[in-house]
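In what follows, a structure is listed as structure tokens, so that the remarks can point back to it.
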Amino acid sequence: MTHLWTRLVTPFLRASRRRLICTVHDATLHPGEFSHLKDWFYAPVPRVDHYITLTNFVADRLEQIHAISRDRMDVIPHGVNAQFAPVPPVPRRPGEPLRLLFFGRLLPYKGLDRLLRAYKQLVGQGHPLTLTIAGSGELEDDTAQLIARLPGVTLHQRWISEEDIPGFLADADCVVLPYVEASQSGVVPAAFAAGVTAIVTPVGGLPEQVSHDHDGLVTESTSPSALAAAILRLLEDPHLLPRLRAGASQSAVNDFSWAKIAENLAEIALASLNRKP
């Protein structure tokens, strides 16, 4: 997988005459992460035999930005993080608040401010909600002040260890990814493996990870009102959340399992061996 040492290690691997397959997580760095040095180190290495992307969105970006032919690429979905075991979710009882979770690094492109505005709108209308925010990073002053003023919002502004992740998921009814830019997210398969549904915005590869109305909801836009509309559906339809949670568990097994990913990767590796350099 593309990492800091890829460009330095690749020439030695090429000298071994082995076939090289590189997994590309992002075709470009996310807003807030860019620097010219990082961009050079993390850019997809041109001298490999085949590429794997985690969504078609990233594959399209590789073709458009880096001029890599699609016949040198395959798509394998982002798998469930195998380094932690899901904890059985705590079921939501009738009348209890809907428990939302925003999980991940606190970066501007992840749209936390939009989720907070959606949350403020719904709570102001008297809807029963709680929101847990868990992740490391800096918050803008306006965002921090809004969090402090909103009822039912809990902030864990720190690096979340792998041991703590299952607990956060078990205490959530739904993870919300209000991103304004994305390639794909490891939060979605992690949530699905824990039997937790997801609300995502229609950006990047997120709609490829969530099957709308089966295992999660894809909002109509990235606006706070669109996020509020999706959350409101979960509040107003008592049958929707259980159905989406069942679909999430099913997708974790059928689409994001490492058994299926390993089988696909083996097929791609064998095809690469049989293909002329």
Is segment 249-262 home to any residue that is within 15 Å of the chain's Cα centre (by Cα) and either closer than 22 Å to K120 by Cβ or among the aromatic types (F, W, Y) (or both)?
yes
Residues being buried (at least 17 other Cβ atoms within 10 Å of the Cβ) and part of a helix (DSSP H, G or I): count how many of those fall in segment 254-267.
1
If you scan segment 200-253, which residues turn out to be assigned to a helix (DSSP H, G or I), farther than 26 Å from E96 by Cα and without any contact (Cβ under 8 Å) to a residue 60 or more places away in the chain?
L206, P207, S251, V253
Within segment 87-115, tally of residues that are free of Cβ contacts under 8 Å to residues at least 60 places away in the same chain and either surrounded by 23 or more Cβ atoms within 10 Å (Cβ to Cβ) or within 20 Å of S221 (Cβ to Cβ) (or both)
1
Pick from segment 183-198, criterion in a loop (DSSP other than H, G, I, E, B) and among the aliphatic types (A, V, I, L, M), ranking: surrounded by the most Cβ atoms within 10 Å (Cβ to Cβ)
V196
Scan segment 199-208 and tell me whether some residue there is at pLDDT 90 or above, surrounded by fewer than 16 Cβ atoms within 10 Å (Cβ to Cβ) and of a type in the set (D, E).
no
Given (1) surrounded by 15 or more Cβ atoms within 10 Å (Cβ to Cβ); (2) among the acidic types (D, E); (3) closer than 22 Å to L131 by Cα, D237 misses just (1)
Tell me which residues, restricted to segment 224-259, are within 13 Å of T197 (Cβ to Cβ) and charged (D, E, K, R).
R233, D237, R243, R245
When V180 is run through (1) assigned to a loop (DSSP other than H, G, I, E, B); (2) surrounded by 18 or more Cβ atoms within 10 Å (Cβ to Cβ), the failure sits at (2)
The listed residue being more than 17 Å from G186 (Cβ to Cβ) and charged (D, E, K, R), out of R105, R99:
R99
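The values are calculated or read from the model by the stated rules, or taken from the named source; none is laboratory data. Note that this is a predicted model, so its numbers are computed, not measured. Here the Cβ is made from the backbone with ideal geometry for all residues, glycine too, and neighbour counts use every protein chain on show.
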